[in-house]
Amino acid sequence: MSLEVFLLLAAALFSVGVYGALSQQSIVMLMMGLELMLNGITVAAAAFWYFIGPGAPSDQVVVVVAVVAMAVEMAVGFAVTTAIFRARDVDMTDMAADLKE
Amino acid sequence: MGAVAFWVLAVAAVACAVTVFVVDSMARATFALLASFLFGAGEIILLGLDYLGVVIVVMMIMEMVIMAVFMVMYMMNPAGLMPMSMVHNQRGSLLTAGTVFASLAAGIFLVPWPARGPHRPADPTFDLGKSLMGPHMLTMMLLGVTLFATMVVTVVLASQQGRYDRLGDDLKGKAR
Amino acid sequence: MVESASLWAVLAVLPLLGGAAVVAVCADRALAARAAGQPYGPRTIAAGVGSDTARLLVGQRRTTLAPDRLLWRLGLIAVPTAAVLAAAVIPFGRWAVDDLGVGVVWFNGMEIATWAALWAAGWGPNSVLSLVGGYRMVAQGLAYELPHMFALIGAATAAGSLQVGTIVAHQRHLWFAVWMPVGFVVYLLSVLGFSFTGPFDQPAGVDVAGGVFAEVAGPDRLILAAGRWLLLTAGAAMAVPLFLGGGLGPVLPAWAWSTVKTFAVLGVLVGVRRSVPTVRLERWMPVAWTVLIPLTIAQDLIAALVAVSR
């Protein structure tokens, strides 16, 4: 086990998340991609804590922040989906494209 | 032992992550994501961060169960009994994801990481608590306020629209 | 105080937990038989439990149209597995399989795993009534979970540790149940909640033809029912180190005290299960959120003040 392989795992999880966030039409599936990206970040932060920071707790705080970010992202995401769905029966990003205007 | 555990967990985590976007059934996609998180938490426990690993397990099970509820609620085809494609711009996404991975991997192997060597404090959980209640108090307070704001925002967004919608222009209508 | 046993102790968890669960099942049936005016001698009850188990073991598994077999099976198996894993941190007298430094959080995590397990078990058979049961478990989880967490936090705060062994050691002079009665009662309520038993059996309610039980038969049903009783037993056993001083007590050895206290808690829970009618979720939710959460937070404040002043 070394820092590099842990970071490689984190990068792989992050990249899968990037693919999901970019390719999925459904808002809920898109959020799964975002969550996977944050999963990679938690693994990377834990690896930095173990291999580089000499036991400093700051990396642990990053993990806590990432976990909270996931919870917030999911809650707001579902609330927005619910609002859009209520307003116009839509749950896909493409159909909400006119929101940018 | 540690290395074997690392590789088993790592391969499983990435495989489950890919599965999320492969399966047709939304319930299975959610549980695949949950499995990916659990394997990731396993890696974190492997590094000695027991508390954070178990907290991720707790959080993710709750989140994914709630996510499954919303998935089934909003997807046209939650059980995947009628497979259909729900993707756009797949080639571009694959290309972007590949580029991201390649550049991250290049960075990982090119950066000369400081070699401090593995280090484990006696009680990382205690360290975390002490720093959150000490030097990182601001972070903790911000997280708290953010979570509270999230609760308010989600309730506002998800509840029926404003009072004029519910009660009519004169606000005298019957609540519906 | 509490020491982590070697790995062989894992093998002892299932017989110990299972044995206690079987006793609880027998007590439950005896209470039911007595209420119905039928004979409830020990031999009658034991024969009844034995024949029911055998019938389920050799029974046919039910199949439904287009089920999600993978999630169904995983959900069913996860229920007893979560109970056994949760029991790994519970000290039996002086021994625990692994007295983790984060034992309380571990227990909490395994108990939450039953939400996912029951939802999957309800989703799997592609049947409306099962799915309703699964959804009810999620709603029930959201109702009991926060008061439950605050009750656990109360015990952990008072001891200044998430380690179950340390929590036991801090009750040398006074049980936490004595000066944290709110946390103790809320904890017992949530045990009934996560083992979907007694007043909180809506996920398996009779009004939805058994809910998560609706489409399981044969060995599947045995696994789910066993998991439910194992969860109840594990919850009762965990109440002992958290609030009742674990293996501490005069004269008798520690393991005997653990056993006696566990059966006492289990007896109370089975009694409640038999005597209190089902509470509807939409009535329970406001009580949990507007009454129990503030009460348990106030309890935690007291625990924190005691811990600080010590």
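The values are calculated or read from the model by the stated rules, or taken from the named source; none is laboratory data. As the structure is a computational prediction, the values presented were derived from the model and not from experiment. No Cβ is skipped: glycine too gets one built from the backbone with ideal geometry, and neighbour counts run over all protein chains shown.
Residues are listed down the side, and each one gets a yes or a no for (1) over 30 Å from A:M32 (Cα atoms); (2) part of a helix (DSSP H, G or I); (3) more than 9 Å from chain A (Cβ to nearest Cβ); (4) free of Cβ contacts under 8 Å to residues at least 60 places away in the same chain:
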residue	(1), (2), (3), (4)
B:A97	no, yes, no, yes
B:L104	no, yes, no, yes
B:G107	no, yes, no, yes
B:W113	yes, no, no, yes
B:L128	no, yes, no, no
B:S131	yes, yes, no, yes
B:T139	no, yes, no, yes
B:L147	no, yes, no, yes
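Scanning the range B:11-24 for residues that are part of a helix (DSSP H, G or I), within 19 Å of A:L34 (Cα to Cα) and out of contact with any Gly (no Cβ under 9 Å at 6 or more places or on another chain) yields B:V14, B:A15, B:C16, B:V18, B:T19. Filter the range C:127-156 down to the residues that are touching an Asp or Glu at 6+ places or on another chain (Cβ under 6 Å) and surrounded by fewer than 22 Cβ atoms within 10 Å (Cβ to Cβ), then identify the one that is modelled with the highest pLDDT. My answer is C:I153. Residue selection: C:V168 satisfies the criterion of being buried (at least 21 other Cβ atoms within 10 Å of the Cβ), assigned to a helix (DSSP H, G or I) and more than 14 Å from chain B (Cβ to nearest Cβ).
Of all the residues in the range C:81-96, those that are among the hydrophobic types (A, V, I, L, M, F, W, C) and touching a Ser or Thr at 6+ places or on another chain (Cβ under 7 Å) number 3. Looking across the range A:18-45, the residues that are of a type in the set (G, A, S), within 7 Å of chain B (Cβ to nearest Cβ) and without any contact (Cβ under 8 Å) to a residue 40 or more places away in the chain come down to A:G20, A:S23. Among the residues of the range A:59-89, those identified as among the small types (G, A, S), surrounded by fewer than 18 Cβ atoms within 10 Å (Cβ to Cβ) and more than 7 Å from every other protein chain (Cβ to nearest Cβ) are A:A69, A:A87. The one condition from (1) over 20 Å from C:W123 (Cβ atoms); (2) without any contact (Cβ under 8 Å) to a residue 12 or more places away in the chain that C:D207 does not meet is (1).
Within the range C:202-223, the set of residues being out of contact with any helix residue (DSSP H, G or I) (no Cβ under 6 Å at 6 or more places or on another chain) and surrounded by 20 or more Cβ atoms within 10 Å (Cβ to Cβ) is empty. Within the range C:97-138, the set of residues being within 9 Å of chain B (Cβ to nearest Cβ) and in contact with a Ser or Thr (Cβ under 6 Å, 6 or more places away or on another chain) comprises C:N126 only. Of the residues making up the range C:249-259, one or more are modelled with pLDDT under 90, under 18 Å from the mean Cα position of the chain (by Cα) and assigned to a helix (DSSP H, G or I). Checking each residue in the range C:200-244 for being under 13 Å from the mean Cα position of the chain (by Cα) and β-branched (V, I, T) picks out C:T233, C:V240.
Counted as qualifying within the range A:1-89 are the helices (runs of 4 or more DSSP H) with 1 or more residues that are of a type in the set (K, R), namely A:58-88. Exactly one residue out of C:L16, C:L11, C:L31, C:L76 is surrounded by fewer than 15 Cβ atoms within 10 Å (Cβ to Cβ), of a type outside the set (S, T, N, Q) and either in contact with a strand residue (DSSP E or B) (Cβ under 7 Å, 6 or more places away or on another chain) or part of a helix (DSSP H, G or I) (or both), and it is C:L11.
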